[in-house]
Structures are given as C-alpha cells and as structure tokens.
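Read through the structure below, which is laid out as structure tokens, and then see the notes.
A short reminder: the numbers here are calculations on the coordinates, not readings from a lab. As the structure is a prediction and not an experimental result, all values here were calculated from the model. Here Cβ is always computed from backbone atoms with ideal geometry, including for glycine, and neighbour counts include all displayed protein chains.
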Amino acid sequence: MKVIENYKNFKDTKKSIVTIGTFDGVHIGHQKILEQLISAAKKENRNSVLLTFFPHPRMVLQKENSIKLIDTIDERIEILKKSGLDYLIIHPFDKEFSRLTAFDFVRDILVNHLNTSKLVIGYDHRFGRNREGDFEQLEEYGAMYDFSVDEIPVQDIDEISVSSTKIRKALAGGDIETVTNYLGRRYTLSGEVVRGDRLGNTIGYPTANLKIQESYKLIPKNGAYLVGTIIDGTSVYGMMNIGVRPTVKGLHQTIETHFFDFDEDLYGKSLKIELYSFLREEQKFDSVESLKLQLSKDKIKSLSMLKTSQI
C-alpha cells in the first residue's frame with residue numbers, strides 16, 4: 001500500500017475504484033466496504049484507493065472540539081496496510097477544504113485527480129460543503145463523468161450494527177469485549193515508556209509509564225485492565241492502570257503497566273499495548289498496604305484469565 005499525503009500528489013494514470021471517509025477505527029463495517037472495494041479493483045484491474053482526511057473534520061469544524069479518535073493517524077495507516085489497498089490518500093482537512101462544493105469535489109478530486117471509474121460508499125454517505133452531496137447526486141455526477149456508484153445496502157450495515165460512535169461509547173464504559181468484537185482486533189495504546197515516580201518499585205509492582213503523544217487519542221475509562229504486548233519479539237502480559245491514582249493523591253491521569261515475570265529496563269522504548277479485558281474500577285484505598293493487597297488479587301485474577309483463555 002502506498003501512502004500519499006494530499007490528493008494532488010496522486011499521479012497514477014490507471015483508473016481507480018475509490019472509497020471516501022475518515023475510517024476511524026477501521027472497524028468491521030469499514031472492513032466490509034474495503035473488501036468490496038478491493039475485490040472490485042482486482043476483478044476490473046483498477047487501483048483500489050481510500051481517500052481519508054486528517055485532522056478529523058469535526059476537529060476543524062466544531063467550536064467545542066472534544067472528539068477523541070479510536071486510532072491515531074499512524075495506527076490507522078498500520079491497520080490499513082494489512083487490508084490489501086493499493087493507495088491510501090490522506091488529505092489535510094481545513095476550513096478552506098470544507099467549503100468545497102459537492103460538484104467541485106467530484107470534478108476536481110474524484111475525476112481529475114483520482115481517475116475514478118467506480119465509487120464505493122457506505123449507506124447514507126454524505127460529502128461536500130455542509131454535507132450537501134448524497135447518493136442521488138453522486139449518481140448524477142457519475143453519469144456526467146462516466147463513473148459508477150456502489151452503495152453498501154442498509155441491510156448489510158444493519159447486520160453488522162457497528163459504528164465508530166458505538167466503539168467510543170464502549171471504550172468510555174470499559175466494555176473491552178464489545179470493542180474487540182466491533183474492531184475485529186484488540187484496542188491498542190501506543191507510546192513511549194517514560195519515568196514516573198517509581199512508587200510501583202517500592203511496593204513490589206514496578207510499572208512502565210506510557211506517554212501517548214497524540215492528545216486526540218481516546219483513552220478508555222479509568223480502571224485496571226488485563227493487557228498484552230510484544231517486547232523484543234516475545235509476548236508479555238500484565239495489568240494496566242489508567243487513572244489518577246487517588247490512593248497516593250495523584251494529580252493527573254497516568255497509564256501504567258505492571259508486566260508479569262518481566263524486569264527489563266523499558267525506559268525510552270516504544271510499546272503498543274493491547275487491551276484484553278477490564279478488571280475493575282479505579283478506587284481509593286485506605287492505605288498503600290490495602291492497595292498492594294488489591295494488586296495481588298488483580299494479578300491472581302489476570303493470571304487465571306490468561307491460563308483459562310478467558311480473554
């Protein structure tokens with residue numbers, strides 16, 4: 001898959017089968033669209049092209065910008081690389097671009113730059129200034145510029161019954177099993193291991209403190225989680241705490257993971273940690289000893305779940 005920033009840098013003269021969207025999460029609904037797109041492109045000897053946007057349009061257009069995304073743009077690229085797409089075009093979304101009319105979008109981008117012979121879209125897809133363009137308009141423009149439009153039927157979408165919004169809500173509720181089912185893979189948190197206050201070392205539960213650079217990345221609800229990662233080619237499991245650590249009067253949210261049977265120095269390493277299951281809510285304990293006792297219980301529960309494959 002070739003990654004291109006800005007649709008104007010797309011130079012392939014071969015005809016393209018294109019889909020459009022933010023594809024946040026690349027969930028199983030998105031995957032259905034991509035499968036149809038790629039299958040059609042192979043059958044017709046065309047390029048398969050996904051035109052996506054970054055920043056997310058709502059980050060640019062909404063005054064109260066509080067949207068959090070399931071994937072960072074780098075995570076989305078890595079997921080899409082496994083799809084079989086020929087091209088991923090990431091176009092910068094800004095206010096000027098948002099004012100492009102539906103007609104100009106079709107003529108200037110789909111036709112003149114991407115050589116579109118077929119457009120594959122999800123049910124009820126809208127595009128262009130004020131989301132004025134719809135399926136009927138696309139069919140009109142398709143007749144004008146000689147491309148066809150395939151819309152994923154509503155019943156197919158309803159069968160899957162998944163959306164990025166539902167996934168965000170599940171993450172906010174700590175419902176990791178639903179998130180895993182909707183994504184078709186485990187939810188990940190990626191970042192660099194940085195130095196914390198080393199409290200974990202003093203109570204027998206040393207932790208790796210993960211710093212996520214992207215402020216727009218959606219962090220699941222505070223609490224303890226069973227997690228796993230790959231370190232130097234080896235699968236390692238552990239329990240992650242997301243929260244403000246009220247027992248020790250923490251002042252800000254941290255993401256700390258205690259790995260089982262592992263004592264290597266991870267400072268400065270980049271980790272991609274997969275979330276397996278929600279263990280419990282974050283809580284304030286009466287003492288550090290009470291916290292240690294709960295951590296022991298969390299570890300026993302986690303190891304039992306790993307042993308019996310309850311993940």
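Below, the figures for the structure above:
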quantity: Mean-position separation - Cα centroids, the stretch 1-20 and the stretch 277-300, in angstrom; calculated: 50
quantity: Correct option for semi-axes √(5λ) of the Cα gyration tensor in Å [calculated from the coordinates] among [x] 25, 23, 19; [y] 33, 21, 19; [z] 43, 19, 18; calculated: [z]
quantity: Given charges at Cβ of Lys, Arg, Asp, Glu: the chain dipole, positive-most of GLN213, ILE300, VAL179; calculated: ILE300
quantity: Test item: Cα-centred dipole of the stretch 261-311, Lys/Arg +1 and Asp/Glu -1 on Cβ, debye; calculated: 220
quantity: Added length on full extension, which subtracts the Cα-Cα distance from 0.36 nm per residue, SER98 to SER148; calculated: 15.6 nm
quantity: Extension gain from THR234 to ASN6, taking 0.36 nm per residue of separation minus the Cα-Cα distance; calculated: 78.3 nm
quantity: Candidate lysines - alpha carbon under 16 Å from LYS297, same-chain residues fewer than 8 apart omitted; calculated: LYS284, LYS307
quantity: Nearest-20 debye value, the stretch 166-307 charge dipole, Cβ charges on Lys, Arg, Asp, Glu; calculated: 480
quantity: Proximal charge balance of LEU110 [Cβ under 12 Å; K/R count +1, D/E count -1]; calculated: 0
quantity: Amide hydrogen neighbours beyond the local backbone of PHE285, cut-off 5 Å, H modeled; calculated: THR247
quantity: Simple spin-label estimate for ARG195 and GLU44 in nanometres, 7 Å along Cα-Cβ; calculated: 5.8
quantity: LYS81 paired with SER215, simple spin-label distance in nm, labels 7 Å along Cα-to-beta-carbon; calculated: 2.8
quantity: Angle between the chain longest axis and helix 135-145 axis [Cα atoms, degrees, rounded to 10]; calculated: 50
quantity: Amide hydrogen neighbours beyond the local backbone of ARG280, cut-off 5 Å, H modeled; calculated: ALA224
quantity: Whole-angstrom Cα spans of the stretch 2-162 along principal axes, big to small; calculated: 42, 33, 31
quantity: Only Lys, Arg (+1) and Asp, Glu (-1) charged, at Cβ; the chain dipole about Cα centre in debye; calculated: 540
quantity: Among PHE103, VAL3, THR188 the positive-end extreme of the charge dipole of the chain (Cβ point charges); calculated: THR188
quantity: Estimated 222 nm signal from helices in the chain, with DSSP H stretches of n ≥ 4 weighted -39500 (n - 2.57), rounded to 500; calculated: -8500 deg cm²/dmol
quantity: Simple label model, 7 Å out from Cα along Cβ direction - ILE300 to GLU282, nm; calculated: 2.6
quantity: Nearby aspartates and glutamates by direct alpha-carbon distance to LYS272 (threshold 16 angstrom, same-chain neighbours under 8 apart not counted); calculated: ASP71, ASP74, GLU75, GLU78, GLU192, GLU214, ASP232, GLU256
quantity: Among the listed pairs LYS2/LYS211; LYS43/LYS81; LYS68/LYS95; LYS42/LYS82; LYS8/LYS81; LYS2/LYS166, those beyond 24 Å (Cα-Cα); calculated: LYS2/LYS211; LYS2/LYS166
quantity: Length gained when the stretch LYS272-LYS307 is fully extended (0.36 nm per residue, less Cα-Cα span); calculated: 10.4 nm
